[in-house]
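Working notes, beginning with the structure itself.
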Amino acid sequence: MIIEKHQLDEHNSDLLGSHKRKLDFIAGEIANADAIIEKLIDFQIGIPSWALGTGGTRFGRFPAGGEPRNIEEKIEDIGLLHKLNAASGAISLHIPWDTADNVPAIKALVAQHGLRFDAMNSNTFQDQAGSSESYKFGSLQNVDKGVRKQAIEHNIEVIRQGVELGSKELTIWLADGSCFPGQLNFRKAFQNTLESLQEIYQALPADWKVFVEYKAFEPNFYSTTVGDWGQSLLYANKLGPKAYTLVDLGHHLPNANIEQIVSLLLMEEKLGGFHFNDSKYGDDDLTAGSMKPYQLFLIFNELVEGMDARGMNHASDLGWMIDASHNVKDPLEDLLQSVEGIMMAYAQALSVDRKALQEAQASSDVARAQEILQNAFRTDVRPLVAEARLRAGAALAPLELFRQLKVRENLIKTRGLKTVATGL
Ligand code: PSV
Ligand code: MN
């Protein structure tokens, strides 16, 4: 399905009057509204190929229909999102689910939709048909050298595919760990993992980065070999300058202070990027900003402050990706909401009165510091985010237009009701 320019124009002209009124109001309230809008236009969020279908739990799955059946249709879906919000300009592929048979055609399709390739993801948490070794007891950590070799070779193959496509990053998330005390020698598991990562690191092109993603638990329930940011940072430091930590918001133990983690990783020049999502209990993979929007804002507050302190480019110096699963919502609607949630947190963080905050911190004026942050968080920045979309040629209200144009119904018509997307 293609969304035509005239459909966007009609939708926008219907909403323009009310949008302008709201924009004028906020532009009068915030000092740097125009600069914020420009930054929002540049900011792009990578969409994970594995989140375009309906997710599920081990109890059941309730597909929406019209799910993308192959990599071409996944690109088409992200193209639709990007057309609607001009902020979903990248695709993050997961191999082997998304291995492309015809690389030039896939590159052309991605370019045609105005997208680029974000980080490539390897998969050593599932056994693939025809592979000789099993990851049941881990991959890069495995006590069996043959298993480690297979997992290393898979990651090197993912880099090879990424180079062909024009990606510049590899994200490694390991399910490795143990389910019971005594199962694993922690030190040996760490050393095996490090040696395996070093072999993968050797295969990285000079202009590539590797992101080491951590996760506190699941699928292993006693120990995880890259279980927290400390362990990830240890690996990244030992590997070298092309290795970074990746923060998935859902991968912490309850109540972790993620904004502090982010601040320190950034200070150490070891923050690689994000998997955005939200959660109530664990790795719930819910819509970004749907549960703890204040936390998301506080994370962006640290990011903006830390990136500015180092003169970094907000849009391109870190990897911004979503990692989500949609059990009850239409995946595309959910992704539109996630991008909106992320953009709002970023816009709020950009609107923080930095000078006043520094002064409040320097004089330990706790109440004032809190006021400054909460003032930014409680400001309705949605008109700024909408204006960025408008200026970039997208829709003032993406979700509304998605429904008006009956996108899901159209996808079901062309792809069928009972399609299944590869992914989680
Ligand atoms: C693991 O829970 C994870 O967050 C990792 O990022 C994986 O790559 C992703 O889910 C999908 O497999
Ligand atoms: Mn993740």
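Are there any trypsin sites (Lys or Arg not before Pro) in region 1-46 that are in a DSSP loop and have at most 15 other Cβ atoms within 10 Å? List them by number. If you can, show how the numbers build up before the last one.
Details: sites: 5, 20, 21, 22, 39; in loops: none.
Answer by residue number: there is no such site.
When the P(r) is computed for the chain, the part past 37 Å accounts for 23% of the Cα-Cα pairs. For the residues 172, 26, 159, a GNM of the chain with alpha-carbon springs under 10 Å puts the largest fluctuation on 26. Rounded to the nearest 20 debye, the dipole magnitude of the chain is 500 debye, with +1 charges on Lys and Arg beta carbons, -1 on Asp and Glu beta carbons, and the Cα centre as origin.
Only Cα sites of region 296-365 enter the Debye sum here, all with the same form factor; the resulting log10 I(q)/I(0) across q = 0.20, 0.21, 0.27, 0.29 1/Å is -0.89, -0.95, -1.25, -1.32, listed in q order. Put in order of Cβ neighbour count within 10 Å, fewest first, the listed residues 402, 190, 217, 62 become 62, 217, 190, 402.
Using R₀ = 45 Å, calculate the FRET efficiency as 1/(1 + (r/R₀)^6) where r is the Cβ-Cβ separation of residue 378 and residue 145; round to 0.05. Present the calculation step by step, with values, prior to reporting the outcome.
On the way: r = 56 Å, r/R0 = 1.25.
The formula returns an efficiency of 0.20 here.
Highest GNM mean-square fluctuation among 225, 171, 99, for the chain modelled with Cα contacts below 10 Å: 99.
The H on the amide N of residue 243, modeled in the peptide plane, is under 5 Å from the matching H of 210, each at least 5 residues off or on a different chain. A Förster radius of 22 Å, combined with the Cβ-Cβ distance separating residue 14 from residue 291, puts the computed FRET efficiency at roughly 0.10. Across the chain, C-alpha contacts under 8 Å between residues 6 or more apart give a mean separation that, scaled by the residue count, equals a relative contact order of 24 percent.
Pop the C-beta distance of residue 409 and residue 206 into the FRET formula with R0 = 56 Å and round what comes out to the nearest 0.05.
Numbers: r = 47 Å, r/R0 = 0.85.
Taking R0 as 56 Å, the efficiency between residue 409 and residue 206 is 0.75.
For region 92-154, the set of chymotrypsin sites (Phe, Trp or Tyr not before Pro) satisfying both a DSSP loop assignment and a count of at most 15 other C-beta atoms within 10 Å is given as 125. Result for the chain in a Gaussian network model with C-alpha springs under 10 Å: among 264, 239, 303, the largest mean-square fluctuation is at 264. Taking every DSSP helix (H) stretch of at least 4 residues in the chain, weighting each as -39,500 (n - 2.57) and dividing the sum by the residue count yields a mean residue ellipticity at 222 nm of -15500 deg cm²/dmol.
Listing 136, 149, 270 from the residue with the fewest other Cβ atoms within 10 Å to the one with the most, what is the order?
On the way: 136 9, 149 14, 270 18.
Sorted ascending by nearby Cβ count, the order is 136, 149, 270.
In this Cβ point-charge picture (+1 for Lys and Arg, -1 for Asp and Glu), region 28-155 has a dipole of about 460 debye about its Cα centre. Within 10 Å of each candidate Cβ there may be at most 12 other Cβ atoms; applying that plus a DSSP loop requirement, which chymotrypsin sites (Phe, Trp or Tyr not before Pro) in region 235-291 survive? Listed in order of number, the matching sites are 281.
Over region 321-416, what is the relative contact order in whole percent, taking alpha-carbon pairs under 8 Å and six or more residues apart? Intermediate values should be presented prior to the final figure.
Numbers: 44 pairs, mean separation 25.7, N = 96.
RCO, region 321-416: 27 percent.
The Cβ shell under 15 Å around residue 136 holds other residues with a net charge of -3, Lys and Arg each +1, Asp and Glu each -1. Would region 166-219 count as rounded, prolate or oblate if I go by the C-alpha gyration tensor, calling it rounded below 1.5 in a/c and otherwise prolate when a/b exceeds b/c, oblate otherwise? It comes out oblate by the Cα gyration axes. With one equal scatterer per alpha carbon and no solvent term, the Debye-computed log10 I(q)/I(0) for region 228-372 at 0.14 1/Å reads -0.71.
Any read-out appearing in this document is the output of simple, stated calculations on the displayed coordinates, not a laboratory observation. Keep in mind that what you see is a predicted model, and the values were worked out from it rather than measured. A quick note on method: Cβ atoms are made from the backbone with ideal geometry, for glycine too, and the neighbour counts reach across all protein chains shown.
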